[in-house]
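Everything on this sheet refers to the single structure shown next.
What follows draws every value from the coordinates through simple rules; no lab data is involved. As the structure is a computational prediction, the values presented were derived from the model and not from experiment. Here Cβ is always computed from backbone atoms with ideal geometry, including for glycine, and neighbour counts include all displayed protein chains.
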Amino acid sequence: MTRALWSRLPGGRMLRASATVTALAFLFLVVNAIHPVLPWTLVWLPAMAGAVLMTVNVRRTARTEGMPPPIRRFWRHVHVVAVLVSLGTLAEAVDAVATGGSAPHLGLGQVIFDGIAVIVTIYAMLRLPFGKQAGGDLFRIVLDAGTVMLACAVFVWHFSTRYAFGGDDPGIVWTTLAITTLAMLAVFAVAKVLLTSTSSQLDRKAMRLIGVAVAFGAVGPTLRPLLQPIDPHLFPDIVTLPAVFFFGAWAAEKQRAIDYAPRRGVREPRRRSFSVLPYVAVAAVDALLLSVALPDAAPDRRVIVVSAVALTALVVLRQMTAFVDNGRLLRRLDHGATHDALTQLPNRVLFHERLHKALTAPDGRPVAVALIDLDDFKEVNDTLGHEVGDLLLIAVAQRLAGCIRVEDTVARLGGDEFVVVLDGATPEAADLAARRMIEALSRPVLADGHELPIRASIGIADGHAGDDPSLLLRQADIAMYAAKMVNGTAHLHFTPALAQPSADHAQLGDELREAIDDDQLYLLYQPIVALPDRRVLGVEALVRWRHPEHGTMPPQAFLPIAERTGLIVPLDRWVLRAAVRQLSAWDADLALNLNVSARDLREPGFADSVGVVLDEYGIEPHRLTLEAPAMDPAESCPSVSELRSMGVRVALGTGDSSLAMLADLPVDELKLDSSFTRAEPGRAPIAATVLTVAHSLGLTAVAEGVETPDQATRLQDLGYESAQGFYFAHPLPPEKFEELLTGTALAA
């Protein structure tokens, strides 16, 4: 039975031993209070044993492997305090047994050791890692800690300190005041720690237990006036000190049990918006006031005292209610500031905070970042509308959130980009997480009656605590773009080899700037023909780069780089001037089509620059058609309106743009993208829809990318009147195109 009871005690063997020692101390005190049959040396032994057990327990915690340096330092200080308190307890026990407790005497050894212990305790508390506190928060914490300290001081004064002033020894008075002041400062320091948001690596339960221990040590001596009339040998420290040592040992064991690795399956508990500690202190002082004032007070004084205490309780209750309401409001505001409004996932701000936290962990654990980008998401927005696109994003967010562990973070960076912080994940674990994501995204999403397949590209950067967050995110971005080159939903881990194309792109951007200035660019021309009779109606100018090292480069090799670097604007200006100059050299009434970037249409004065070039070479504005694959109506509409007012025609590509924007962005021509041109016969409705929209709005429709006679016939049957593509002619140099113009029609 004794063994079963022993096994049910909390903690390890040393903590159970400390609990047993505390129980024995209480038993010995009660026995000798009834009848002093036990030797007083034996009665003091539990306090000595408890001091030794706490010292050993705290020493074990201070030597725990993997503990963060600031927390290890704190427990080393606590170990020093434990040793000092043990020595002070020994000095008190020897003094109490030697003097027989005949006088209210504090031994010199006890005063020295306990005083230094309190000072070290305060120093250890102040060295703890605190979070950043605003001025108002710090002031509130100081007030709350002061409330707790003052409440303890009231109890100590009433039950202990005031008796020292009744003696004839002034040394006792000053010594008692000094010890009491130090004890209150220790209470203040502990209360401040408990009321402050300290590092999450410091166990808050352990700190509460230390607070209880300090409170016992500070208030325990107040019991002496109650025990001295029974027997002068009955010091309250006989039982309060073992209790102090038990709570100190328990705190050490709680801290030692913390797992500093990423927590799996455990969420941070929601903390109250206020601390009950100051209110407990107020309630205790009110209870003391009632116990002191009511017994011998006059009736009217009793009413006043009870009313004052009741008013205090009402004010406290009202304040606590306000704190609860404010806490709810602050949580809502905090959630809105750190979470995406659409998907309710953490936003970019919270993502960076979580990534920084993972990368500043002291144990050097692995950390991976996975960047997820939805492919062809813009097509969904443009063809089905933003509402369907939003539903798709919400569904993707829910699926990604269901793939991660509790210690991980999935966030939305913006648009169709998501990112996951995989805390404590090795490359193998990150690989498994990516596969879970791919599996979750493999099923189509049903949004507003549309079944939408999901294709995503995932880039993973593998790092460790201590790495640079921005570097890790950049590596994940490089890996994600490399994954886009893989068919289907795919994931890739970053390797240094993947970074080489980025470096090459940067060099290529510098070389492109030189190419524009050094006439390394040239134009090829592809005819636009009438489908019924194959007459050449116009020509589209296509830019090429004659690179001195890489040879001829197609536009897809350098136009994306020009877009990213901003070189697309001078590049398109060069193409405009060269193409218009060539058009003026041909003795034919041709229309000229040029591709321009949406960025050109956003440039101030773009329409004026086009007009200057046309005037310089004597080309009528209606012979020029400028095609943009995508436009933002709000930003492009002013330039489009100016161009059309000059007579320049504007065409809108249908590959990446929504036909819905035609209501806000009037154009003259629609270009059917080659992907729709080459569609199978059973998938012709899109081509027919584009033609119907064009006719209904009074626009010209031109089909691009015609490569076979079947495609040309099918488009002609649908009603298309003009087209271009390899079936009619490949892009040609100016002299070859001029030879083509000598005939009136192209061979079918």
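Values computed for the structure shown
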{"quantity": "Rounded to 5, the percent of DSSP beta bridges in region 348-494 classed as antiparallel", "calculated": "85 percent"}
{"quantity": "Under 5 Å, built H, 5+ apart or other chain: amide partners of H493", "calculated": "I460"}
{"quantity": "Built amide H within the under 5 Å cut-off of G538, gap 5+", "calculated": "I528, A591"}
{"quantity": "Sequence-separation-based contact order of region 285-443, relative, with Cα cut under 8 Å and 6+ spacing, percent", "calculated": "24 percent"}
{"quantity": "Cα→Cβ-extended label distance, 7 Å offset, between T426 and F726, nm", "calculated": "4.9 nm"}
{"quantity": "Pairwise label distance in nanometres, D376 with R301, each label 7 Å out on the Cα-Cβ vector", "calculated": "8.9 nm"}
{"quantity": "Cross-link partners of K357 among aspartates and glutamates (Cα-Cα below 17 Å; sequence separation of 8 or more within a chain)", "calculated": "D259, E268, E407, D408, D423, D462, D467, D468"}
{"quantity": "Pairwise FRET efficiency - D231 versus H335, Cβ, R0 = 51 Å, nearest 0.05", "calculated": "0.25"}
{"quantity": "Residues whose placed amide H lies under 5 Å from that of L670, excluding near-sequence neighbours", "calculated": "L652, T700, A701, V702"}
{"quantity": "From phi via Karplus (6.51, -1.76, 1.60), per-residue ³J(HN,Hα) for region 527-535 in Hz, x at Gly/Pro", "calculated": "x, 10, 10, 7, 5, x, 10, 6, 6"}
{"quantity": "Ranked by how many other beta carbons lie within 10 Å on average, peptides 606-619, 243-256, 56-69, 285-298 from highest", "calculated": "243-256, 56-69, 606-619, 285-298"}
{"quantity": "Calculated FRET efficiency for the pair C637/R76, C-beta based, R₀ 56 Å, to 0.05", "calculated": "0.20"}
{"quantity": "Burial ranking of peptide ranges 451-463, 704-716, 303-315 (average Cβ count within 10 Å, highest at the top)", "calculated": "451-463, 704-716, 303-315"}
{"quantity": "Straight-distance crosslink candidates among aspartates and glutamates, where the alpha carbon sits under 14 Å from K671 and sequence neighbours closer than 8 are dropped", "calculated": "E540, E627, D656, E704, E721"}
